[in-house]
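Presented below is the structure to which this report refers.
The values are calculated or read from the model by the stated rules, or taken from the named source; none is laboratory data. Since we're looking at a predicted model, the values are computed, not measured. For neighbour counting, all protein chains shown are included, and Cβ atoms are generated from backbone atoms with ideal geometry for every residue, glycine included.
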Amino acid sequence: MKVLIVDDDKLVCASLKIILEADKDIEVPALGYNGKMAIELYDNLRPDVLLMDIRMDTMTGLDAAETILKKHKDAKILFLTTFQDDEYIIKALNIGSKGYLLKQNFESIVPCLKAVQMGQTVFGDEIITKIPSLITDNNKLRFSNFHINEKEFDIIVQVANGLNNKEIAEKLYLSEGTVRNYISVILEKLNLRDRTQLAVFYYKNK
């Protein structure tokens, strides 16, 4: 397995190369130190997995990964960073990376690289616990672009799940009349005809 390492800390790069090549199945053909180098090296070497940091000078790992994945849809990119920022994790998920690990979990790097090579997606334990809430928050953020507030978003989700007005009212502790009014307002905001169109709209935009 060929693994390209990209990190703006040259000592980290060198250390990772030693750790990875201690495994007889792994070869590190090159090291990169910023996002632009990642793009150039990936184009030239086409590694099995790109192991890359996020915060780097010149171009971030996230921006580099987005560029690489647009050109090489089968690219397998695993982020290795010290940062647990929600926005980084969300973007890593959205652009199609194969995982997100924290550097302190160095003992899991080799097994995770092998899992990624086999087509799996991997996340460190600290990241896994954050993902469900991040996905929900990210969906709410997307729907806010349509001027949908949090309560309206909750109702849209329940409509998409197939619940009727009475069931939604019980679940969200509202009256049926209030739910009916909310749905009318939502349909008008989104210029939709009925609940079926609303459900389709939700799944297209989630």
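Numbers below:
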{"read-out": "Counted residues, the stretch 176-206 - those being of a type in the set (Asp, Glu) and either closer than 14 Å to ALA160 by Cβ or not assigned by TED's automatic domain parsing to the domain that holds HIS147 (or both)", "value": "1"}
{"read-out": "Unique residue being in contact with a Gly (Cβ under 8 Å, 6 or more places away or on another chain) and within 15 Å of TYR33 (Cβ to Cβ) when the list is ASP53, ASP57", "value": "ASP53"}
{"read-out": "Qualifying position, being buried (at least 18 other Cβ atoms within 10 Å of the Cβ), touching a residue at least 40 places away in the same chain (Cβ under 8 Å), of a type in the set (Asp, Glu) and farther than 22 Å from GLN120 by Cβ, among ASP7, ASP63, ASP86", "value": "ASP7"}
{"read-out": "Looking only at the stretch 46-80, and only at residues there that are under 22 Å from GLY119 (Cβ atoms) and of a type in the set (Asp, Glu), the one that is modelled with the highest pLDDT", "value": "ASP48"}
{"read-out": "VAL159 surrounded by fewer than 17 Cβ atoms within 10 Å (Cβ to Cβ) and either in a loop (DSSP other than H, G, I, E, B) or at pLDDT 90 or above (or both)", "value": "no"}
{"read-out": "Residue check, ILE109 modelled with pLDDT under 90 and within 30 Å of ARG46 (Cα to Cα)", "value": "no"}
{"read-out": "Some residue of the stretch 30-41 being of a type in the set (S, T, N, Q), closer than 20 Å to GLN120 by Cα and touching a strand residue (DSSP E or B) at 6+ places or on another chain (Cβ under 9 Å)", "value": "no"}
{"read-out": "Filter pass, LEU134 being in a helix (DSSP H, G or I), modelled with pLDDT under 80 and surrounded by 12 or more Cβ atoms within 10 Å (Cβ to Cβ)", "value": "yes"}
{"read-out": "Strands (runs of 3 or more DSSP E) enclosed by the stretch 33-121 - at least 2 residues per element that are under 21 Å from SER15 (Cα atoms) and not hydrophobic (A, V, I, L, M, F, W, C)", "value": "99-102"}
{"read-out": "Residue within the stretch 27-45 that is under 19 Å from VAL116 (Cα atoms), crowded, with 22+ Cβ neighbours inside 10 Å and either free of Cβ contacts under 8 Å to residues at least 60 places away in the same chain or hydroxyl-bearing (Ser, Thr, Tyr) (or both) present", "value": "yes"}
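Residues checked against (1) closer than 15 Å to PHE146 by Cα; (2) aliphatic (A, V, I, L, M); (3) under 30 Å from the mean Cα position of the chain (by Cα); (4) surrounded by 14 or more Cβ atoms within 10 Å (Cβ to Cβ):
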{"position": "ALA169", "(1), (2), (3), (4)": "no, yes, no, yes"}
{"position": "LEU187", "(1), (2), (3), (4)": "yes, yes, yes, yes"}
{"position": "LEU190", "(1), (2), (3), (4)": "yes, yes, yes, yes"}
{"position": "ARG193", "(1), (2), (3), (4)": "no, no, no, no"}
